[in-house]
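**Q** I'd like to ask you about the structure that follows.
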């Protein structure tokens with residue numbers, strides 16, 4: 001069985017809003033060595049060569065607004081995760 005590109009309790013995907021996709025690709029490529037897959041002028045996927053998978057994207061927007069990027073978290077077992085979160089909330093209530 002092939003190993004899953006997803007890692008339990010980790011950031012699975014992050015989508016960064018940008019006003020200029022080409023400029024953002026240049027910046028992040030130079031600053032962090034990131035590489036990209038282009039999906040037209042309004043979106044570029046961020047590649048993670050160690051996992052052979054996309055781990056995020058640069059999404060064109062008219063203006064960057066408060067709220068920051070879209071962050072997706074991964075869990076192997078959402079039901080157990082929800083139960084644990086409820087226990088923590090009760091403990092701290």
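The values are calculated or read from the model by the stated rules, or taken from the named source; none is laboratory data. In this text, all values refer to a predicted model and were calculated from it rather than measured experimentally. So basically every Cβ, Gly included, is an ideal-geometry build from the backbone, and we count neighbours across all protein chains shown.
**Q** Going through region 18-36 one residue at a time, which ones are in contact with a strand residue (DSSP E or B) (Cβ under 8 Å, 6 or more places away or on another chain) and either at pLDDT below 95 or part of a helix (DSSP H, G or I) (or both)?
**A** 21, 24, 25, 28, 29, 34, 35
**Q** Do you know which residues across region 55-70 are farther than 7 Å from residue 18 by Cα and assigned to a loop (DSSP other than H, G, I, E, B)?
**A** Result: 62, 63, 65, 66, 67, 68, 69.
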